[in-house]
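Since the structure comes first, as structure tokens, the remarks are kept for the end.
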Amino acid sequence: MELSRQNPPGGVGQFAASIDRVLARLPTLQNRQVDERHGLLLCLAAVLDKFPELVVAAGARPVGGGVTDLTQRVIRDLETIFRDFQTTTYRKPELVAEAAGRLITSSLPILHAATTPDSAYTLLQPGSKVVSTENTSDLLRAMEAVDALDEIPGNLTSLVSTFNYVVDAGLARSEKEATAASSEASLVLLIFSRAEERRRIIEGWASAVRQRPTSRTANDAGVLFALTMAYPVATATFGAPQAKGHGLVCDTILERWAGDNDVETRVAILQSLSRSTMLRDRALLFLDLLAEGLNDYTTNARGDVGSHVRLEALRATKSLWKSAFVEPRSGGDGDAASDGVDGVDAWLPLAVSKLFLRTLRLAAEKLDRVRTEAHAVLALNLEPSFASDFAKLTYSSKDYFRTLLDLYSSDAGLRPRISQPAKADAGAWMAELLAGYVTSADTGNEDLVIASRAALAEFCAASPRNLNAVCAALVSNVRTRQGQDRVVVPTLEILAFLCHVGLFQKCPDVNLRHLCLQVQKAGYKTGSVRKLEACIKVYGCVAGFEEEDEEDGPDTGPEALGGRRRAGILEARKRLGALMFHPWPRVRSLVVDELWELFGESGRANSLKSVDWSKADKASLTRVVDQLGLRQAV
């Protein structure tokens, strides 16, 4: 291209010579030389990407004849390459599929020139720009130009017929590079197909997506990408959605999501939405899908595989917030969003209610890769001046966690359009935040635990309002998230932590007896020793409130306590007494440890000495329970 600029009159010749150098090498390659073939095809694609620049560099000079000859020749050479692809088996088909897909995309301006009058050559765009999801106006213009032709040239029809096999082979691959290249190439196939053929291809993809693959080795992620990228083409081809549905592409994606819980499928769906204009144009349709993805905590033998879904849901959410706050909505996409489809004003309030608090929760959870992405997504919801400082915070630092805790009470933080609906329910805000926060504060790595606990303790100590909000949210999560051990167990541990640092005792609004009953419910018939240990810690803390108050003076004994507070203390001691009879020795030993801490300084714990409580008989257990007054709540 540089030589063409230096010698404009010979630009077409220089361009053709570059193509000849690449094409001369291809026939000399053996089938096993896949890497070399991959590189040469990508090199040829890079040369073709410069074709629009060649035409622009020619300016007003009469280059029409030379360009026409060049395009006809390139079309013949491309057909030879793609027919060889159909008949030859290569050792690394994923590399050839990727390169062939890139080559199809890069050939778009050549194909466009073959169907365009000479006077319109300067309007040509590189293929990668035309198929970009950032702006679909070029894509639709190219398709309309082809539809306006009375007849597509025969050599062009012959070349496009080879695209079907190449695209299908690439979409069937599982490698990201191959599917990405082939899904872009699929748009070129659609552009240069007649309307009837275009309709048939899109319907075929939709049918394939609806049917879950029966073979474990089968992969339809590529078809998902192609279908979602074809959304603007499908809308133009099939017309506006009918009253009974939301359009072929949207209905197909929603149907597959609802009927397939497979993690890899859901990851592919979310990735395809992130790359497509469909999510921005039809946001209202997909808010529930995104919310479900942000809440995916699927676990199997591989661990927390749902984190992959949460991560992709965050990326899709990021693309949605960018379309609302960052990207200018102009041109083809902006018009589509404001015309008949879903404008920002229509979906933003609902998106805040469904997505913001879930994002806030993920910004505090223990997995680094999820927390990092949520950090970036959350920054888009903040005022630019505040977001710049927030984005600089290390996502595992004390300052980062303190900022998350302070965000609700901060006057200058959230964007105005986010703030009002997000802060409508203070209790829901803190409960959702702490549902993720406790996982970092309990089960994260050591540095994460230290930073998050320090920030939480500092926040609670700052004001009674903060303390009450945190304690109420933690107790609420114990009640509302029964069965979700990933939240309940860390929540119990953090309740015990706040007791140990002397904060939970200062919160008078918590109904301690109600808390103990919810803790009992959480530990009922559980098979998790860790969960029972967390329950015992909370019981021990609540049971110790009275002892701490008695040391302050005679006026702060049990008689001076409120009725609810005393009932909670007695209930906690009752639960400890009951757990002394638990069949698991480990559990009984944990209870004894709490009792020793509770009664050791007062001298009432002597009855706990000189006994192996993991092997003690029922009579010994009954005696110590009675001596310590652990039945007094009965």
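The values are calculated or read from the model by the stated rules, or taken from the named source; none is laboratory data. Computed from a prediction, not measured in an experiment: that's the story for all the values here. In this analysis, Cβ positions are derived from the backbone assuming ideal geometry, glycine residues included, and neighbour counts consider all displayed protein chains.
Of everything in segment 296-334, what is acidic (Asp, Glu), in a loop (DSSP other than H, G, I, E, B), modelled with pLDDT of 90 or more and out of contact with any Lys or Arg (no Cβ under 6 Å at 6 or more places or on another chain)? Give them in sequence order.
304
Quick test of your reading of the structure: residue 68 fulfils all but one of (1) of a type in the set (S, T, N, Q); (2) modelled with pLDDT of 90 or more; (3) closer than 21 Å to residue 115 by Cβ. Name the failing condition by number.
Of everything listed in (1) of a type in the set (S, T, N, Q); (2) modelled with pLDDT of 90 or more; (3) closer than 21 Å to residue 115 by Cβ, residue 68 misses just condition (2).
Do you know which of the residues in segment 124-179 that are in a helix (DSSP H, G or I) and of a type in the set (Ser, Thr, Tyr) is modelled with the lowest pLDDT?
The extreme case among them is 137.
Taking the conditions exactly as written (surrounded by fewer than 17 Cβ atoms within 10 Å (Cβ to Cβ), in contact (Cβ under 8 Å) with a residue 40 or more places away in the chain, of a type outside the set (Gly, Ala, Ser) and in the same structural domain as residue 46 (by TED's automatic domain parsing)), does residue 177 satisfy them or not?
The answer is yes for residue 177.
Hey, residue 567 hits all of (1) among the small types (Gly, Ala, Ser); (2) modelled with pLDDT of 85 or more; (3) surrounded by fewer than 13 Cβ atoms within 10 Å (Cβ to Cβ) but one; which does it fall short on?
Single failed check for residue 567: (3).
Looking at (1) surrounded by 17 or more Cβ atoms within 10 Å (Cβ to Cβ); (2) touching a residue at least 24 places away in the same chain (Cβ under 8 Å); (3) of a type outside the set (Gly, Ala, Ser), can you tell me which one residue 165 breaks?
It is condition (1) that residue 165 fails.
Residue-wise test of (1) hydroxyl-bearing (Ser, Thr, Tyr); (2) touching a Ser or Thr at 6+ places or on another chain (Cβ under 7 Å); (3) farther than 19 Å from residue 459 by Cα.
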| residue | (1), (2), (3) |
| --- | --- |
| 365 | no, yes, no |
| 372 | yes, no, yes |
| 377 | no, yes, yes |
| 385 | yes, no, yes |
| 388 | yes, no, yes |
| 394 | yes, no, no |
| 400 | yes, yes, no |
| 403 | yes, no, no |
| 423 | no, no, no |
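Hey, any hits in segment 429-440 for a residue that's among the acidic types (Asp, Glu) and surrounded by fewer than 19 Cβ atoms within 10 Å (Cβ to Cβ)?
No, every residue in segment 429-440 fails to be among the acidic types (Asp, Glu) and surrounded by fewer than 19 Cβ atoms within 10 Å (Cβ to Cβ).
Go through (1) part of a helix (DSSP H, G or I); (2) polar (S, T, N, Q); (3) at pLDDT 85 or above one by one and return the number of the condition residue 30 breaks.
(1)
Could you check how many residues of segment 274-295 are at pLDDT below 95 and not in a loop (DSSP other than H, G, I, E, B)?
Qualifying residue count, segment 274-295: 9.
Considering segment 409-459 alone, what residues qualify as being of a type in the set (Ser, Thr, Tyr) and in contact (Cβ under 8 Å) with a residue 60 or more places away in the chain?
Once the filter is applied, which keeps residues that are of a type in the set (Ser, Thr, Tyr) and in contact (Cβ under 8 Å) with a residue 60 or more places away in the chain, segment 409-459 yields 437, 439, 440, 443, 452.
Assess whether residue 103 counts as being modelled with pLDDT under 95 and either in contact with a strand residue (DSSP E or B) (Cβ under 7 Å, 6 or more places away or on another chain) or within 28 Å of residue 144 (Cα to Cα) (or both).
Against the criterion (modelled with pLDDT under 95 and either in contact with a strand residue (DSSP E or B) (Cβ under 7 Å, 6 or more places away or on another chain) or within 28 Å of residue 144 (Cα to Cα) (or both)), residue 103 does not qualify.
Could you pull out the residue among 239, 259 that is surrounded by fewer than 20 Cβ atoms within 10 Å (Cβ to Cβ) and in contact with a Lys or Arg (Cβ under 8 Å, 6 or more places away or on another chain)?
Every option except 259 fails the conditions.
Only one of these is modelled with pLDDT of 85 or more and assigned by TED's automatic domain parsing to the domain that holds residue 491: 623, 575. Name it.
That would be 575, the only listed residue that is modelled with pLDDT of 85 or more and assigned by TED's automatic domain parsing to the domain that holds residue 491.
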